[in-house]
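Below is one structure, written out as structure tokens; comments come after it.
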Amino acid sequence: MNPDEPQVPPRPTALARTLLHEVIQHGDTVIDATAGNGHDTQFLAECVGPDGSVLAFDIQENAIHATSDRLREAGLASRVRLYQTSHAHMAAHAEPGSVSAIMFNLGYLPGDDHQLTTEAATTLAALNAATSLLKPGGTLTIVCYPGHAEGATEAAEVETWLTTLATSGWRIARYALLGTARPAPFLLVARKSGT
Ligand SMILES: C[S@@+](CC[C@H](N)C(=O)[O-])C[C@H]1O[C@@H](n2cnc3c(N)ncnc32)[C@H](O)[C@@H]1O
């Protein structure tokens, strides 16, 4: 396959970016809940422009260094605040109703320790915080990886939790490949009610 050709259907991570690119405005405040190697943080920093800001969280020192290096090389470091702490603490760093988009890319850092993966309990705590930080009309994206044991438990709990938001007026959706040999990664999207 030609690497320059867009993948169709898109990967969940690419689809999350396509959707957020439509909704994030210059000057917005947004959150990357799982900075990892910084690809999503860089994408978000480009979306918010020079007057916007990105808060990015990761528990791993490696991830914070990798993200910091990537942002510096791209000339985007001034738009991003990096926190080496759990995303469960994100509410300590932003005002309720002030954030227009929050990205979660669950799982472990590719090429690193697979034990350092996101876990259902902290992910759900962070997602609850995220619902308060988002402004009306704000968007939440979550990429889940049910192909490994912890990921399968986490993905099921996150999906169940997200479904409950529909009763409070959120619009929610799930995007996934069909007919794969192993459970495929999937994207959950939630839009907070209001304008
Ligand atoms: C799939 S990677 C993220 C990839 C990243 N978005 C990128 O674009 O490169 C998942 C990341 O979540 C981080 N993580 C695990 N538990 C976390 C937690 N409680 N809070 C914040 N980050 C966490 C891992 O250290 C790992 O770097």
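Each value in this text was obtained by applying a stated rule to the coordinates, not by laboratory testing. Remember, predicted model here, so these are calculated numbers, not experimental data. As a convention, Cβ positions derive from the backbone with ideal geometry for all residues, glycine included, and neighbour counts pool all protein chains shown.
Shown here is the pair-distance distribution of segment 48-195: with all Cα-Cα distances grouped in 10 Å bins from zero up to the longest one, the shares run 10, 38, 37, 14, 1 percent. Quarter the surface of the alpha carbon convex hull of segment 108-151 and you get the mean projected area, 3.7 square nanometres.
Per-residue 3J(HN,Hα) values for segment 178-195, derived from phi via the Karplus relation 6.51 cos²θ - 1.76 cosθ + 1.60 with θ = phi - 60°, read 9, x, 7, 5, 10, x, 8, x, 9, 10, 10, 10, 9, 10, 5, 5, x, 10 Hz in sequence order (x marks Gly and Pro).
Cβ crowding within 10 Å ranks Arg70, Arg174 as Arg174, Arg70, fewest other Cβ atoms first. For a distance above 13 Å, tell me the whole-number percent of Cα pairs in segment 32-78 that qualify. Of all Cα-Cα pairs in segment 32-78, 45 percent lie more than 13 Å apart.
Positive-end ranking of Ser168, Ile102, Pro9 along the dipole of the chain, with charges on Cβ about the Cα centre, is headed by Ser168. Other residues whose C-beta falls under 9 angstrom from the C-beta of Lys192 contribute a net charge of +3, scoring Lys and Arg +1 and Asp and Glu -1. Let me know the Kirkwood hydrodynamic radius for segment 1-65, please, with Cα pairs as the basis and the value in Å to one decimal. 12.9 Å is the Kirkwood radius here. Only Cα sites of segment 1-132 enter the Debye sum here, all with the same form factor; the resulting log10 I(q)/I(0) across q = 0.12, 0.21 1/Å is -0.45, -1.34, listed in q order.
Structure remark: mean-square fluctuation, Gaussian network model of the chain, C-alpha springs under 10 Å; the largest value among Asp28, Asp51, Asp40 belongs to Asp51. Measuring how big segment 130-195 is from its alpha-carbon positions, Rg and Dmax come out at 12.9, 40 Å.
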